[in-house]
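The values are calculated or read from the model by the stated rules, or taken from the named source; none is laboratory data. None of these values were measured; they are calculated from a predicted model. Methodologically, a virtual Cβ is constructed for each residue, glycine included, from the backbone with ideal geometry; neighbour enumeration extends over all protein chains shown.
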Amino acid sequence: MPIARVSQEIASPPSIVTTRRLDSLQAARAIGALLVVLCHTSAFIGEEPGLWQRTSIYLWFRGTALGVQLFFVLSGIVIFSAHRKDFDQPNRTPLYFWKRFRRIYPIYWIFWLLTVVKHHAAMSPDLAYQRDPMVLLSNFLLVHLFSYQTNMVQAWTLFDEVQFYLLFSVLLLNRRIGWVVLMVWLSASLFFLFPADPYWSTIFSPNHILFGIGIVVAVEVEKNRPIPAKASFWCGLALFCLSIVVAGPFYRGTMIRLAGGFGAAGVLLGAMVLERRGALVVPRWLVALGDASYSIYIVHFMAISAVARLTYACWGHLQIPIAAWMVFLFLFGTGVGVLVHLAVERPLLRAFGK
């Protein structure tokens, strides 16, 4: 299924030093989610059989999948910042896991179940692996159990997140052992910079290096040393944008994705320092989108898929440019995600308590 293949190429953070949330990190969450929505929108326009088949559009926009690399760096920053004071405190581990669980699983399970039901109803030979018990169990737990396939197209990143959370938790049990475990895991990921066995390339994905880069960024900000924040921000932004362009029609390999992650780290480092200095003010609407970013990420693909063929049928009767339909699909996927955040995710978070 082309869209599923496309996706393979492709958490509210506290302040590092004060208890006030850094809006720049929320804005980064919003931007990362919107980039992924744009990537999948262009994939429906350019790659999905029976639709527009404007491949050139997809080629120029597929680099926006690097929004995922932004998320990985951001997760390293957020998790370290939120739990750096919990190291060597085993009694804090249950609360740590509870926070991660309530944030990730309840809303994911809702849309994962809807996706599984849809795939079972389709009974397509191409989706036979979706009904494999080990694949279903792995996707329910978000842990790869001798399987690397996903039921939900965009959920592959959640496996990486959960793996990072599990390994990071060792720091709460024992700081020294925890750092050794993380270093071994991140070092092992370097051995899979080039194509290898799909399963082990997933367990030790080079993307995991970006979690470590995020931790380094958080440590640097915490040290409160003089940092050329503007240079970091603009140089990082230039590298990130250049990586998106190159990852479009030119080269989508591991190295350009890592380059995009390093660029994202520069942007986040500069933005965090600038905001703490009072030199950066983030628009409130972008912060609000950051609050809704997880719901947007989880829901947008299903929402766009549900209306894409109807939109294509209308295109045959209405003389409206394809660009307008693309904007519509992008806004629709984002809008449904925001509505799900307000109507489903927030009530679930309240129901599961703090």
Identify, from the list ILE304, ILE320, the residue that is part of a helix (DSSP H, G or I) and either closer than 23 Å to LEU158 by Cβ or modelled with pLDDT under 95 (or both).
-> ILE304
Segment 188-221 - residue that is more than 21 Å from the chain's Cα centre (by Cα) and surrounded by fewer than 13 Cβ atoms within 10 Å (Cβ to Cβ) and, of those, nearest to HIS83 (Cα to Cα) = PHE191
What helices (runs of 4 or more DSSP H) completely inside segment 17-123 contain at least 2 residues that are of a type in the set (Phe, Trp, Tyr) and out of contact with any His (no Cβ under 7 Å at 6 or more places or on another chain)?
-> 55-61, 67-83, 93-122
Unique residue being touching a Leu at 6+ places or on another chain (Cβ under 6 Å) and either modelled with pLDDT under 90 or assigned to a helix (DSSP H, G or I) (or both) when the list is ALA231, ALA264, ALA238, ALA196 = ALA264
Residues in segment 140-148: is at least one at pLDDT below 90 and of a type in the set (A, V, I, L, M)?
-> yes
GLN149 vs (1) of a type outside the set (Ser, Thr, Tyr); (2) under 25 Å from TYR297 (Cα atoms); (3) not in a loop (DSSP other than H, G, I, E, B): all pass except (3)
List every residue pair whose Cβ atoms lie under 6 Å apart, where the two residues are 6 or more positions apart in sequence or sit on different chains, the first residue falls within segment 80-94 and is closer than 24 Å to ILE213 by Cα and of a type in the set (A, V, I, L, M), and the second residue, located anywhere, is at pLDDT below 95 and surrounded by fewer than 16 Cβ atoms within 10 Å (Cβ to Cβ).
-> ALA82/PRO14
Would you be able to tell me the number of residues in segment 81-124 that are exposed (fewer than 13 other Cβ atoms within 10 Å of the Cβ), among the β-branched types (Val, Ile, Thr) and touching a helix residue (DSSP H, G or I) at 6+ places or on another chain (Cβ under 7 Å)?
-> 0
Output yes when any residue across segment 247-257 is of a type in the set (Ser, Thr, Tyr), loosely packed, with under 14 Cβ neighbours inside 10 Å and either at pLDDT below 90 or closer than 27 Å to PHE61 by Cα (or both), and no when none is.
-> yes
Please work out if ASN224 is touching a Gly at 6+ places or on another chain (Cβ under 9 Å), closer than 27 Å to ASP23 by Cβ and either buried (at least 20 other Cβ atoms within 10 Å of the Cβ) or of a type in the set (S, T, N, Q) (or both).
-> no
